[in-house]
Amino acid sequence: MPRAPHRHHRRWLRPAAVAAAALTAWTAAPSAAAPLPPDGTRPAHCSRIDAAKVPGAARQQVSCLEELTTAGTVASGHTDPADWAGLTPAGLATPRGVPGIQIDGYFPDSSTTNTNHGWNHDSQFVIRLPDHWNGGLVVSGAPGVREQYANDRAFGDWAVSQGYAFAATDKGATGAAFHRDGEAPGDALAEGNHRVTQLTRAARQVVARRYQRTPSRTLAMGMSNGGYLVRWQLENHPELYDGGVDWEGTLWRAEGPNLLTFLPPALRHYPAYAAGGAGAEQAHRAMEAAGYPAGSEFLWPFHHQYYWDLTQRIYREELDPEFDGATEAGTPFCAPGTPACDADYTYADRPGKVRKAVAKIALTGRIGKPLISFHGTYDVLLPISRSSDVYARLVKREGRGHLHRYYRVGAGTHVDSLADAFPGRVRPLVPCHRSAAAALERWLDHGVRPPSSRTLELPEGAGPEKLLTHCPLNG
């Protein structure tokens, strides 16, 4: 089988361009800033626009917008619907009436996977500054291998509608070829941590210049890989934040568990389970042993078709590029037992340098600021028993349990759009984010501790409409 693709050699802060293949992506440039009235005066939401300079940015484009939420940014070209496709339920309400300033740009970088705006430049960011500011700032990194607008529907709209300034980054490399970035295994993932730190520092200065005072509250928020970034920031740079909300964050531990330990068993055993027959029961037990819970079986076919193989391959390429077992991207799944197949990948048998690469991005649980985590019990991409359950124990082990609340959401899964495909069987997590954010605000502002960590059971008889708007943390 062919060896792993050549990794592009680059430094994070060197601007020299390096050619790189990229997935097809939205390339429309944002529309120009709102035109000035004939008398030359600026609309209210253009006030102090000249102060909106992003420290360290290699390029930026500032726009005065009548609407900062996706109710306006889709039409104006200041977001990309492809970035958030599949992440939220179709019925999620879109807030409106949020004028302000948007800054699109990028920091110096030499990789080119992000084609947004036709820039072909990574480390892109977006900063939104609402006219009616509540004094706070929300900073996020993209989930998965998506770009800087990926959180717009899940919680970016919510943030600006509540009056928060909002900043998001693409993490420095995007798409299924993100692993070609960096000089050594683990570099591309580690860069995501650096880029969130970089954006947080810059956005705090932008906010101070725009509103003429520093933010009174800076919150880290993110889902999936973005949730991992929240955890890492609160462990390593708590001085930059007041707290965070972690939505089904990815867990990286050098000794495991991590997705390289539980995805290969799914690839190995699911085909035998799906085929039925004599081996189906044994395969089912093996799936459960790997972390895929009983009751979630109706979600397995979708994840086998779309998520498990791709996720395993691209992250294994990033952390273990010398493994010769993977077929090239786009080829069919390997059959169980076939030599040179990711289904046969065994993390425990790989050389020590693989664990060294994972150690670059590993989490410890040593958070330094309040954190609220939530995770669906039917998450079959990052099974809860192998991810957030483990992280909650790490936080307690490090003596930081007083800073953490953890809610296991019954029947929640990894992407909320599956609540539309399986109404009543999958609980959307977006209302849990709203509840967690409100609880964090009360915790920080008034010292009111959130309800104790618990499992939030799927309410009996609750219809899709109620599930989309209610997620009380007291159960």
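The values are calculated or read from the model by the stated rules, or taken from the named source; none is laboratory data. Note that the structure is predicted; figures quoted are calculated from it, not measured. So basically every Cβ, Gly included, is an ideal-geometry build from the backbone, and we count neighbours across all protein chains shown. Note: accessible area is taken over every heavy atom of the protein model, side chains too, but ligands, DNA and RNA are not part of it. Shrake-Rupley method; radii C 1.70, N 1.55, O 1.52, S 1.80 Å.
For the stretch 292-311, the tally of residues that are within 18 Å of Ser385 (Cα to Cα) and not hydroxyl-bearing (Ser, Thr, Tyr) stands at 8. In the stretch 413-426, the residues that are buried (at least 16 other Cβ atoms within 10 Å of the Cβ) form Cβ pairs under 7 Å with partners that are among the basic types (Lys, Arg), at six or more places apart or across chains, as follows: Ala419/Arg427. Close Cβ contacts (under 8 Å, 6 or more residues apart or on different chains) running from residues in the stretch 430-444 that are among the β-branched types (Val, Ile, Thr) to residues that are in a helix (DSSP H, G or I) and open to solvent by less than 10 Å² (accessible area, probe 1.4 Å) comprise Val430/Ala154; Val430/Phe155. Being at pLDDT 60 or above, among the hydroxyl-bearing types (Ser, Thr, Tyr), crowded, with 18+ Cβ neighbours inside 10 Å and touching a Phe, Trp or Tyr at 6+ places or on another chain (Cβ under 8 Å) is a condition met by at least one residue of the stretch 79-86.
When restricted to residues that are open to solvent by 20 Å² or more (accessible area, probe 1.4 Å) and of a type outside the set (A, V, I, L, M), the stretch 148-177 contains 5.
Exactly one residue among Gly461, Gly447, Gly475 is of a type outside the set (A, V, I, L, M), at positive phi, open to solvent by 40 Å² or more (accessible area, probe 1.4 Å) and in contact with a Leu (Cβ under 7 Å, 6 or more places away or on another chain), and that residue is Gly475.
Of the residues in the stretch 194-202, none is surrounded by fewer than 24 Cβ atoms within 10 Å (Cβ to Cβ), under 16 Å from Asn225 (Cβ atoms) and aliphatic (A, V, I, L, M). How many residues does the stretch 23-61 hold that are of a type in the set (A, V, I, L, M), open to solvent by 40 Å² or more (accessible area, probe 1.4 Å) and modelled with pLDDT of 95 or more? Here the count works out to 1.
In the set (1) crowded, with 24+ Cβ neighbours inside 10 Å; (2) more than 21 Å from His194 (Cβ to Cβ), Gly136 fails one condition alone, (1).
To keep it simple, each residue is scored yes or no on (1) at positive phi; (2) surrounded by fewer than 21 Cβ atoms within 10 Å (Cβ to Cβ); (3) free of Cβ contacts under 8 Å to residues at least 12 places away in the same chain.
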{"site": "Val358", "(1), (2), (3)": "no, no, no"}
{"site": "Arg366", "(1), (2), (3)": "no, yes, no"}
{"site": "Leu371", "(1), (2), (3)": "no, no, no"}
{"site": "Tyr378", "(1), (2), (3)": "no, no, no"}
{"site": "Leu382", "(1), (2), (3)": "no, no, no"}
{"site": "Ser385", "(1), (2), (3)": "no, yes, no"}
{"site": "Ser388", "(1), (2), (3)": "no, no, no"}
{"site": "Lys396", "(1), (2), (3)": "no, yes, no"}
{"site": "His402", "(1), (2), (3)": "no, yes, yes"}
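Counting only helices (runs of 4 or more DSSP H) wholly contained in the stretch 67-182, the ones carrying 3 or more residues that are within 24 Å of Gly249 (Cβ to Cβ) occupy 81-84, 157-161.
For Arg180, the stated conditions hold: it is touching a His at 6+ places or on another chain (Cβ under 9 Å), open to solvent by 30 Å² or more (accessible area, probe 1.4 Å) and under 24 Å from Pro321 (Cα atoms).
For the stretch 145-166, filtering for residues that are in contact (Cβ under 8 Å) with a residue 60 or more places away in the chain and among the hydroxyl-bearing types (Ser, Thr, Tyr) leaves 2. Among the residues of the stretch 427-444 satisfying the criterion of being out of contact with any strand residue (DSSP E or B) (no Cβ under 8 Å at 6 or more places or on another chain) and open to solvent by 50 Å² or more (accessible area, probe 1.4 Å), which is nearest to Ala159 (Cα to Cα)? Once the filter is applied, the top-ranked residue is Arg434.
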